[in-house]
Amino acid sequence: MKEYITIKGVGPLRDINGLEILPITVLIGESAIGKSTLMKLVSMMRYLYKMANIRSYLKHSRITSSPFRVRFDTMIKNTGLQSMLGAESFIEYAVLMANGHRYSVSVCNKRLGKLPIIDKEDLLFTKISFISENRNVIPIWAEKASVNAGATLGFYFHETNNDFTRASEADQVVSLDYVNLKLHITHPKGKAVRYRVEHTGNAHAPIDLREASSGIQTSAPLALIVKHFAHEYSFKDAFNRSVLSYLHEIERLTKFKAVAESSDLENIVYVHVEEPELSLFPDAQCKLVEELVFAATHAEADRKVNMMFATHSPYILNYLNIVLNQTDTGRASLDHDSLAVYRLFDGQAQSLLAQDENGRWIVDTYDLTEMMNCIYNEYSRLVR
């Protein structure tokens, strides 16, 4: 299965034409250039395609009138995309199956086109996760859940917090090897969930996550969520929650003749991450990406985990060259056809993946060194 997105005239994105989204896709560019906008659009269109799959599943299972409604106006308002869509805006998300079948979801002039009917053999069941840049609030928010009831910090924060909460449902210890720490999650009876971080070498006493450094507060929820989706998340439970329980509620379960068991559907988790490097030292940024890619590429056999990053970090892009050429067991590695790296500029996207003189695939980061050269040249001028 291959995914493509076309975007015309949405916020700063003027002309994104048939951009291929691969299992690991990385976006880099200047501030306010459209990285988060592009990622939010991909996330939204994937959600709409998920709804097309659920509707198609029900249709093939003799539920002719789908109980699931897509309120597109509410969706774009909640996600903050409403102001970016104009009369000339156009978005198309296309999926090309290995058998040649093509399906698409489109938005034109602020209106959602008709969702496609997916053939039985092409049905998917997906989970879409968006991990917001303001995830550093989560450790404090989690301990004051009852006080915060009814409060809002925006759609994407609450999506992130919901995934964090679900990933924290069981007592567990989560390795944070990129900073030599472990995250201990416990559920004291009658109290809020407790999150404690402990140094693997006992270099210091354990502390509450809310008291940890800003880099730990932003990266620990990210690592927890990704590892949860890679190993613990139950697609069967999610399917029952989203489809079967609702059919039971509206007394349509007796008419339901499953076209396929949920376990027979291809399961994909789509994780979208804003700035994975937030508040982390360069070395930890690289090690975090190593952990995330390893978790995604070593997920349970019943699922695929695809990730998209929006970043400002040249360290992460340079480290991807290690991941592309790594062959050691126990380390993250990627084939070039599983990785896409795009630089956004002037409303367009440029692929940074190239082959060197020996035919090896690399991420071309030459342009990203321009600022360092400028700093060096200015320093040289001053000291002469």
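Of the residues making up the stretch 185-223, those that are in a strand (DSSP E or B) and not β-branched (Val, Ile, Thr) are 194, 195, 196, 198, 199, 208.
Conditions (1) farther than 19 Å from residue 289 by Cβ; (2) surrounded by fewer than 18 Cβ atoms within 10 Å (Cβ to Cβ), marked per residue:
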site: 311; (1), (2): no, no
site: 319; (1), (2): no, no
site: 329; (1), (2): no, yes
site: 335; (1), (2): no, yes
site: 352; (1), (2): no, no
site: 359; (1), (2): yes, yes
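What tally of residues in the stretch 198-213 results from selecting those that are open to solvent by 50 Å² or more (accessible area, probe 1.4 Å), more than 12 Å from residue 137 (Cα to Cα) and either in contact with a strand residue (DSSP E or B) (Cβ under 7 Å, 6 or more places away or on another chain) or among the charged types (D, E, K, R) (or both)? Result for the stretch 198-213: 4. Pull out all pairs, ordered by first then second residue, where Cβ-Cβ is under 7 Å, the residues are six or more apart or on different chains, the first lies in the stretch 307-324 and is on the phi < 0 side of the Ramachandran plot, and the second is among the small types (Gly, Ala, Ser) and in a helix (DSSP H, G or I). As it stands, the answer is 307/296; 310/36, since those pairs meet every condition given.
If I filter the stretch 16-26 for residues that are touching a helix residue (DSSP H, G or I) at 6+ places or on another chain (Cβ under 7 Å), crowded, with 20+ Cβ neighbours inside 10 Å and at pLDDT below 95, do I get at least one hit? Among the residues of the stretch 16-26, not one is touching a helix residue (DSSP H, G or I) at 6+ places or on another chain (Cβ under 7 Å), crowded, with 20+ Cβ neighbours inside 10 Å and at pLDDT below 95, which makes the answer no.
Annotation note: of 219, 168, 234, the sole residue that is out of contact with any His (no Cβ under 8 Å at 6 or more places or on another chain) and loosely packed, with under 14 Cβ neighbours inside 10 Å is 234.
Taken over the stretch 71-102, the residue count meeting the criterion of being under 22 Å from the mean Cα position of the chain (by Cα), at pLDDT 90 or above and open to solvent by 50 Å² or more (accessible area, probe 1.4 Å) is 2. Looking across the stretch 337-350 at every residue that is open to solvent by 30 Å² or more (accessible area, probe 1.4 Å) and within 17 Å of residue 30 (Cβ to Cβ), the one that is farthest from the chain's Cα centre (by Cα) is identified as 346.
The values are calculated or read from the model by the stated rules, or taken from the named source; none is laboratory data. This is a predicted model, so every value here is computed, not measured. Here the Cβ is made from the backbone with ideal geometry for all residues, glycine too, and neighbour counts use every protein chain on show. These accessible areas exclude ligands, DNA and RNA; they are computed on the full protein's heavy atoms, side chains included. Shrake-Rupley method; radii C 1.70, N 1.55, O 1.52, S 1.80 Å.
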